[in-house]
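Inspection log for the structure reproduced underneath, given as structure tokens.
The values are calculated or read from the model by the stated rules, or taken from the named source; none is laboratory data. Just so it is clear, the model here is predicted, and its values are computed rather than measured. Cβ placement follows ideal geometry from the backbone for every residue including glycine, while neighbour counts extend to all protein chains displayed. Note: accessible area is taken over every heavy atom of the protein model, side chains too, but ligands, DNA and RNA are not part of it. Shrake-Rupley method; radii C 1.70, N 1.55, O 1.52, S 1.80 Å.
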Amino acid sequence: MPAEAVTLENWMRPPHNIAGYQRIRELIPTAVISRGEGPAFDLEGGGNDPLLRDLADRTHTDALVVLHRGRVIHEQYENGMRPDTRHLCMSVSKSVTATAVGSLIASGALSPDDEVCAIVPEFRGTGLDGATVRHVLDMRTGTREDITTLELQRAYYSICLWAPPASFPESPGEEDSRSHLWRLTQVRPHGGDFEYRSTLTCVLGLLAERAAGLRLPELLSQYLWQPLGAEHDAEITVDRNGNALADIGICCTARDLARLGEVLRRGGRRPDGARVVPEPWVADTLSPDAGQPAAFTRHGSTYLGLPGAYYRNQWWVADKGGIYMALGIHGQLLFVHEAAEVVIAKFSSWPEPWIDDLARTSIEFCIDISTDICAN
């Protein structure tokens, strides 16, 4: 496809999204998530497994990196991707953001028990009044997602600079990507059912910024990307006021995403033993509160049809073998299987935002291939 065919108007629609997800910085303002000056931790090994190539071929894959016990056993790039190409993470960004927040919590600057309004007083009188950081992390606030119609979503993309302003005249010129946060309303008690709402990751990003006294790109760099030993800088899209899009705006390489999964699989440490993510945070992600799987059932089965599954610390968790994952629309995926010692990082460009069959195929294949790898 000619490079000039991808524009701000069409980059999220197929077939333009294939190239568009690799060219975010050319289309939308971004801020750097710096890897710092330290060495990257080495990903040893290499390979090309026919079974894994089959997964890639059937699920519109742009990049696929599979690790077993920290070694690369399969690495594949399609559609112009290379090992150093950054790709839009979409909602995998949620899990990346929350992992950095885990390190911030370990520093003492923030606690899951803190009330949202104690950190951001502007939320007093909104639907988040009385909610805690834990409610936000687990998407169990009683708030209603207010970007619910196609028209409002289009207006929001325009405000985020993901679409041309002229296309959506209903978006007020004075608004930015955080304006809707102050309009959230409460429709049920906090701490009840899980319900997936992207807005809550934006709330989490704002809470983290206030607690740390850092802008989100700097916070992600300081608390995650630098200690991770990432090989390349990541980036995150920003609006006209410089607000970073915590829920869907992170772009990184497949290898660096795999590094994050490997660190989590190792309890928060790099292979050289350097601490990246607090071990209690990783353990907490795999330790649901009483009733959390039940709270997941009503709204979560649409996304993750696995028995005993739940959502915690903005990760999707399966209740068997230490399986957890980050999921993004159009097929972005970071999959960790602790019992099998397998990590899978996958970027895709599905032709539709969320395709149930492709999602189930991808997740089931990751579980099956992990079992096979472990057995062999």
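Pick out the one residue from ALA345, ALA318, ALA290, ALA294 that is in contact with a Leu (Cβ under 6 Å, 6 or more places away or on another chain) and at pLDDT below 95.
Answer to the check: ALA318.
Residues to consider are ALA309, ALA339; find the one that is in contact with a Cys (Cβ under 9 Å, 6 or more places away or on another chain), of a type in the set (A, V, I, L, M, F, W, C) and without any contact (Cβ under 8 Å) to a residue 40 or more places away in the chain.
ALA339
On the basis of being at pLDDT below 95 and either in contact with a Ser or Thr (Cβ under 8 Å, 6 or more places away or on another chain) or assigned to a loop (DSSP other than H, G, I, E, B) (or both), does GLY173 make the cut?
Yes.
Starting from the range 117-134, take each residue that is free of Cβ contacts under 8 Å to residues at least 24 places away in the same chain and list its partners that are of a type in the set (Phe, Trp, Tyr), counting only C-beta distances under 7 angstrom and pairs at least six apart or across chains.
From residues that are free of Cβ contacts under 8 Å to residues at least 24 places away in the same chain, the pairs are CYS117/PHE123.
Can you go through LEU67, LEU52 and tell me which one is touching a helix residue (DSSP H, G or I) at 6+ places or on another chain (Cβ under 9 Å), modelled with pLDDT of 95 or more and not hydroxyl-bearing (Ser, Thr, Tyr)? Spell out how you get there, then give the answer.
Working: LEU52 fails: modelled with pLDDT of 95 or more.
Exactly one of LEU67, LEU52 is touching a helix residue (DSSP H, G or I) at 6+ places or on another chain (Cβ under 9 Å), modelled with pLDDT of 95 or more and not hydroxyl-bearing (Ser, Thr, Tyr), namely LEU67.
Which members of the range 341-376 meet the condition of being surrounded by fewer than 22 Cβ atoms within 10 Å (Cβ to Cβ) and not in a helix (DSSP H, G or I)?
Matches in the range 341-376: GLU341, TRP350, PRO351, GLU352, PRO353, TRP354, ILE355, ASN376.
Do we have any residue at all in the range 185-193 that's out of contact with any Gly (no Cβ under 8 Å at 6 or more places or on another chain) and either at pLDDT below 95 or open to solvent by 50 Å² or more (accessible area, probe 1.4 Å) (or both)?
Within the range 185-193, one or more residues are out of contact with any Gly (no Cβ under 8 Å at 6 or more places or on another chain) and either at pLDDT below 95 or open to solvent by 50 Å² or more (accessible area, probe 1.4 Å) (or both).
Being among the polar types (S, T, N, Q), farther than 20 Å from GLY249 by Cβ and out of contact with any Gly (no Cβ under 6 Å at 6 or more places or on another chain), is that true of even one residue in the range 32-44?
no
Does the range 222-238 hold any residues that are part of a helix (DSSP H, G or I) and crowded, with 24+ Cβ neighbours inside 10 Å, and which are they?
Once the filter is applied, which keeps residues that are part of a helix (DSSP H, G or I) and crowded, with 24+ Cβ neighbours inside 10 Å, the range 222-238 yields TYR223, LEU224, TRP225, LEU228.
Can you pull out every residue in the range 11-39 that is over 23 Å from ALA244 (Cβ atoms) and surrounded by 13 or more Cβ atoms within 10 Å (Cβ to Cβ)?
PRO14, PRO15, HIS16, ILE18, ALA19
Filter the range 120-158 for residues that are in contact with a Ser or Thr (Cβ under 8 Å, 6 or more places away or on another chain) and assigned to a loop (DSSP other than H, G, I, E, B); which is most open to solvent (accessible area, probe 1.4 Å)?
Going through the qualifying residues, I end up with ARG144.
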